[in-house]
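Input: a single structure, listed below in structure tokens.
Nothing in this text is a laboratory measurement; each read-out follows from the coordinates by a stated rule. Predicted model, so just to flag it, every value in this text is computed and none were measured. Cβ atoms come from the backbone with ideal geometry, glycine included; neighbour counts cover every protein chain shown.
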Amino acid sequence: MYDLLVSNARLFPMTSGLACSPHRSFAVRDGYIAAFDPPAAAPARAHLDATDGLVLPGLIDCHTHALYAGDRMAEHAERLRGATYAEIAARGGGIQSTVRAVRAASEGELVHATWARLAALASEGVTTVEIKSGYGLDLETELKMLRAIAALRAAPEAPVDVVATFLALHACPKGGDHAAFVTEAVERWLPAVAAAGLATAVDIYVEHIAFSTDDLARLAAAARSHGLALRAHTDQLSNLGGTARAAELGARSCDHLEHTSDADVAAMAKHGTVAVLLPFAYYFLRDTQPPPVAALRRAGVPMAVATDLNPGTSPCCSLLTAMHLATVLFGLTAEEALLGATREAARALGLADRGTLAVGQRADFAVWDLPTPEHLVYQMGGLRPTARFLFGVQQGDNR
């Protein structure tokens with residue numbers, strides 16, 4: 001007995017590029033894809049006629065800071081008048097501004113504020129969202145953020161599956177002792193997070209206004225000892241060698257990469273590190289140096305695409321728009337953008353059970369009334385799936 005049969009579908013599994021499968025139907029059991037083209041008379045508890053619609057894996061937003069309080073509209077106005085991200089940060093704005101708001105918010109208020117953002121992503125066919133902490137800058141608030149992320153994931157009515165990342169080294173408190181802060185985060189906070197089981201990976205912002213490659217190496221060693229994966233923000237504003245070092249240290253992904261060199265790309269290719277491209281931040285900060293997509297492509301580095309949803313440099317809850325911008329601003333093909341929000345996004349998160357349609361994969365998928373999958377990248381705004389399934393269960397936002 002199957003739980004669900006999906007028939008009359010144009011399946012795009014995203015297992016080996018943007019190709020339509022010869023299969024027209026599949027069966028789901030216990031939340032996972034159990035078979036393709038099962039017998040028409042196979043018993044099932046539910047049946048979905050896709051009416052020749054496109055069926056693709058659920059989209060995955062693999063890099064967000066979606067859990068936050070407040071906004072940074074005033075800083076956006078400053079940037080429109082010519083101020084830079086670094087100048088605003090030096091005056092105590094930027095990340096520090098959101099830290100103050102998050103510290104003042106309760107865990108319940110953080111959950112409530114984030115729920116709407118997740119619902120907006122879900123409405124576009126997203127089924128998995130990674131959320132980072134990093135707006136606490138003290139153990140109490142970091143744990144509060146991670147507990148709120150856990151509450152979002154555990155909620156029975158959660159619109160997406162949530163993956164938690166402990167952004168241990170995001171920014172140093174203004175006026176604080178840098179070395180002492182790194183020691184505190186690495187030697188005290190990280191063990192506490194690991195012991196509580198509140199994250200599967202750690203992250204760091206390697207930048208001249210944030211943390212160094214030496215800090216990266218310390219964090220990587222500590223993460224490894226506690227069984228946590230490593231990810232890194234690198235080369236967004238400058239090149240400090242963070243990408244190559246992170247790849248050498250086994251990072252699952254390096255994210256941003258606007259100032260990444262050929263040597264960095266070679267290191268990512270050698271060590272199997274995913275490049276996570278974040279076109280909203282590039283657009284919102286009005287950057288002029290895009291990531292080296294051609295070099296990444298030549299080297300065979302997997303490229304994921306994500307929203308970087310955050311209040312300061314990417315206040316946008318639309319992965320479809322991020323995919324569109326990745327093609328227009330960074331030069332990705334439609335196939336690369338779609339793979340970047342499915343198969344490669346899952347790889348960046350270390351999730352082998354999703355991102356494609358295959359037997360044994362989670363039944364996270366969406367049905368689209370579109371001529372081709374490329375329309376998801378071609379059209380900017382206004383697209384919604386006709387049905388969306390999370391772990392084999394149809395979600396109410398598209399019923």
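Using a Förster radius of 30 Å, what is the FRET efficiency between Glu109 and Thr84 based on their Cβ-Cβ separation? Nearest 0.05, please. Intermediate values should be presented prior to the final figure.
On the way: r = 31 Å, r/R0 = 1.04.
Using R0 = 30 Å, I get an efficiency of 0.45.
For the stretch 1-29, the residues whose backbone nitrogen is under 18 Å from a point 7 Å from the Cα of Ala46, taken along Cα to Cβ, are 1-9, 25-29.
Among Thr128, Thr243, Thr183, the residue with the largest mean-square fluctuation in a Gaussian network model of the chain, with springs joining Cα atoms closer than 10 Å, is Thr183.
By the rule of a C-alpha distance below 14 Å, with chain neighbours fewer than 8 residues away ignored, the aspartates and glutamates paired with Lys144 are Glu107, Glu109. When all alpha carbon pairs of the stretch 107-148 are counted in 10 Å bins from zero, the resulting P(r) reads 27, 48, 23, 2 %.
Over the chain, what is the mean sequence separation of C-alpha contacts under 8 Å (at least six apart), divided by residue count, expressed as relative contact order in percent? Don't jump to the answer; show the numbers that get you there.
Details: 905 pairs, mean separation 78.5, N = 399.
Relative contact order, the chain: 20 percent.
Shape class for the stretch 336-393: oblate, because the ratio a/c of the largest to smallest gyration tensor axis (alpha-carbon atoms, square roots of eigenvalues) is 1.5 or more and b/c is at least a/b. Build a GNM of the chain with springs between Cα atoms under 10 Å apart, and of Ser314, Ser16, Ser106 the one that fluctuates most is Ser16. Set the Förster radius R0 to 51 Å, insert the Cβ-Cβ distance between Thr288 and Met1 as r into 1/(1 + (r/R0)^6), and round the FRET efficiency to 0.05. The value I calculate is 0.30.
How high is the FRET efficiency between Cys20 and Ser261 when r is their beta carbon distance and R₀ equals 35 Å, given to the nearest 0.05?
Details: r = 38 Å, r/R0 = 1.08.
It comes out at approximately 0.40.
Residue-wise HN-Hα couplings along the stretch 257-268, as the Karplus relation 6.51 cos²θ - 1.76 cosθ + 1.60 with θ = phi - 60° gives them from phi, are 6, 4, 10, 6, 9, 4, 5, 5, 4, 4, 5, 5 Hz; Gly and Pro carry x. Counted by Cβ distance under 14 Å from Asp264, the other residues give a net charge of -2, where Lys and Arg count +1 and Asp and Glu count -1. Taking Cβ atoms as reference points and 15 Å as the exclusive limit, the residues near Asp71 contribute a net charge of +1, counting Lys and Arg as +1 and Asp and Glu as -1. For the stretch 282-399, the convex hull drawn through the C-alpha positions has a volume of 127 cubic angstrom per residue.
Comparing Cα centroids, the stretch 246-282 and the stretch 364-399 end up 29 angstrom apart. Think of it as helices only: each DSSP H run of n ≥ 4 in the chain is worth -39500 (n - 2.57), and spread over all residues that comes to -10000 deg cm²/dmol at 222 nm.
Within straight-line reach of Lys174, meaning a Cα separation under 13 Å, sit the following aspartates and glutamates at least 8 residues removed in sequence or on another chain: Asp138.
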